[in-house]
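Down below is the structure, laid out as structure tokens.
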Amino acid sequence: MELSHKINKVEIRNLQISDYTQLSQSFRRVYSDGSDVFWTHQQIEKLIAIFPEGQFVTVVDEKIVGCALSIIVDYDLVKNDHTYARVTGNETFDTHNPNGNILYGIEVFIHPDYRGLRLGRRMYDYRKELCERLNLKAIMFGGRIPNYHKYAADMRPKEYIQKVKMKEIYDPVLTFQLSNDFHVRKVMTNYLPNDEESKHYATLLQWDNIYYTPPTQDFKVTKTNVRIGLVQWQMRPYKSIDDVFEQVEFFVDAVSDYKSDFVLFPEYFNAPLMAKFNHLGESEAIRSLAQYTNEIRDRFINLAISYNINIITGSMPLIKEDGLYNVGFLCRRDGSYDMYEKVHITPDEIKSWGLTGGSMVKTFETDCARIGILICYDVEFPELSRLMADQGMQILFVPFLTDTQTGYSRVRVCALARAIENECFVAIAGSVGNLPRVHNMDIQYAQSGVFTPCDFAFPNDGKRAEATPNTEMILISDVDLDLLSELHTYGSVRNLKDRRQDLYELRLKKKNN
């Protein structure tokens, strides 16, 4: 999707009655085809009163562009044939039962101008999280099959649904629901009496909460798994930034298809663009590469929003008033971003490019973990990650670029050590291949991986997952944050708790003005 303006922030929040005016305007545009479905102020007010957490909106830069409405009902009410009127109590919502076990969806819409950004999928994910949080058995609702009228003369609904499942037929509603892990429980008739496109049929769709525990139990286990995707990037010639981002988006798409929470790119992944400046000296070439940095950041922000994934952009050069820096960006899926800097500069970076070391040492809050990011050489200095551990870091990300196996081994061994001493997960991602037309970027060696502390709840050797060396690929790995909490208290050794702070201390000096 192409928007005429830049998106700065995307958020999902609970619907408020003060949103009604803006909500009705967006809704009116969505249903400009004359559909007789429209929510009154009184209906929205009642939904908020009886089940506030079940009503939420998607807001893009302060503008409401989507909405999802739902109630809780008992399974017996909806397990067999029913109509929309029956399940909603003729839209009075008197059927809402706080003690029920089914989250029933009664509306989802996205403003037409904002379709194509996967905002609908984001709202369904939010609804799934609500279902898990409330310990409900499933999400159910009736789904239209608006393309069925084109095939009704030749096939029954059952055959039509099967062909949609097999992707032989595209249905704008059913195809989307199936891609979001809903399954068709049965076919219902006269669910929406005026739905001529569906020929008065509807599918009863269901998503099962695998974390559901019967209400007789005293507690429910909260899901704490975080999924990490690493891009082992192949250096190859690219003529333009568009060519680079065609490959970038391919990887973001692939990693997000696995429902990953993070994707990590390597240090200087954009180095192929320096070939255009190879006629210049090395220091001039790297500074010319810096002209792309702001555009690269903005493109990553859009991808984070569109693919609903937190992106760690590796690193790239940035010119500031006081020098040339090696920086990267954490682009969150809500549209916000933060910058991080390489603090320690290698002798070669100083000699060839004249880089300056940054002074930023901090952790970043995300929607699923508190993280730290250290660029390549920085992971070889244990003080930085220890400062981050004191700030509550759970996952350390390390984008790197190494030309030889010895350089890579330094990064890898130090990453393993950081995982043990800081009781955290560490993910590293690097580049492979060669760039014969770029000075000071001739060859690369990498094996990306995810490392853990070494204790009984983790792999014996601290290696959660590793990529194939020197091969372009993605690596997907799950990490369980609850295991860290247990380790901090019950581990065989407790590297953070057992520090002799009566004997020594570590602190970050304030930057001189």
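The values are calculated or read from the model by the stated rules, or taken from the named source; none is laboratory data. Keep in mind it's a predicted model, so treat the numbers as computed, not measured. With ideal geometry, Cβ positions are generated from the backbone for all residues, glycine too; neighbour counts draw on all protein chains shown. Areas reflect the complete protein model, heavy atoms only, side chains present, ligands, DNA and RNA absent. Shrake-Rupley method; radii C 1.70, N 1.55, O 1.52, S 1.80 Å.
Worth a mention:
- Integer Hz, Karplus 6.51/-1.76/1.60 couplings in order for the stretch 364-380, x for Gly and Pro: 10, 7, 10, 6, 9, 5, 8, 10, x, 9, 10, 8, 6, 3, 4, 6, 7
- Surface composition of the stretch 358-513: carbon plus sulfur atoms hold 49% of the accessible area, using a 1.4 angstrom probe and ignoring ligands, DNA and RNA.
- In the stretch 124-169, trypsin sites (Lys or Arg not before Pro) in a DSSP loop with at most 10 other beta-carbon atoms within 10 Å: K167
- Taking amide H as placed 1.01 Å from N in the peptide plane, D403 has its amide H under 5 Å from the amide H of Y445, each at least 5 places away in sequence or on another chain.
- DSSP-loop trypsin sites (Lys or Arg not before Pro) across the stretch 356-406, with at most 15 other Cβ within 10 angstrom: K362
- Our coupling estimate for the stretch 428-441, obtained by passing each phi through the Karplus curve with A = 6.51, B = -1.76, C = 1.60 and θ = phi - 60°, is 10, 9, x, 9, 10, x, 8, 9, x, 9, 10, 5, 6, 9 Hz, Gly and Pro reported as x.
- Put S359, S256 in order of accessible area, highest first, and with a 1.4 Å probe you get S359, S256.
- C-alpha long axis of helix 293-307 to longest principal axis of the chain, angle in °: 30
- Cα-based Rg and Dmax for the stretch 277-409, where Dmax is the largest Cα-Cα distance (Å): 15.3, 46
- Rg/Rg_globular for the stretch 131-251, with Rg_globular taken as 2.2 N^0.38 Å and Rg from C-alpha atoms: 1.54
- Ignoring lysines fewer than eight residues from K167 along the same chain, the ones with Cα atoms less than 29 angstrom from its Cα are K79, K128, K137, K150, K158, K186, K199, K259.
- Proximity of backbone amide H atoms, modeled 1.01 Å from N, is registered between S448 and G430, A467 at under 5 Å, excluding neighbours fewer than 5 places apart on the same chain.
- The angle separating the long axis of helix 119-133 from the principal Cα axis of greatest extent in the chain is about 80 degrees.
- Around the Cα centre of the chain, unit charges on the Cβ atoms of Lys, Arg, Asp and Glu (plus for the first two, minus for the last two) sum to a dipole of about 100 debye.
- Residue-normalised accessible area of the chain, given per residue in Å² at a 1.4 Å probe: 46
- Ranked from largest, the principal axis spans of the Cα set of the chain equal 75, 56, 45 Å.
- Residue-wise HN-Hα coupling along the stretch 283-292, computed from phi with Karplus coefficients 6.51, -1.76, 1.60 (Hz; x: Gly, Pro): 5, 6, 5, 5, 6, 5, 4, 5, 5, 8
- Enclosed volume per residue, in Å³, of the convex hull spanned by Cα atoms of the stretch 61-220: 134
- Rg then Dmax, both in Å and based on the Cα atoms of the stretch 77-129: 13.9, 38.
- Rounded to 5, the percent of DSSP beta bridges in the chain classed as antiparallel: 75
- Residue-count net charge about D442 - beta-carbon cut-off 13 Å; Lys, Arg +1, Asp, Glu -1: -2
- Top positive-direction residue, dipole computed over the stretch 363-490 with Cβ charges, set A467, L484, T366: A467
- What a 1.4 Å probe finds exposed on the stretch 86-175 is 46% carbon and sulfur by accessible area, rounded to a whole percent.
- Longest site-free stretch - the chain; sites: GluC sites (Glu not before Pro), DSSP loop, at most 11 other Cβ within 10 Å: 322-504
- Taking the Cα centre of the stretch 339-393 as reference, the dipole from Cβ charges on Lys and Arg (+1) and Asp and Glu (-1) amounts to some 60 debye.
- Spin-label model distance (nm) - Q42 vs N190, 7 Å beyond Cα toward Cβ: 2.6
- Computed magnitude of the charge dipole of the stretch 195-340 (debye, nearest 20; Cβ of K, R +1, Cβ of D, E -1): 340
- Taking only the Cα atoms of the stretch 339-378, the ratio Rg/Rh comes out at 1.10, with Rh defined as the Kirkwood radius.
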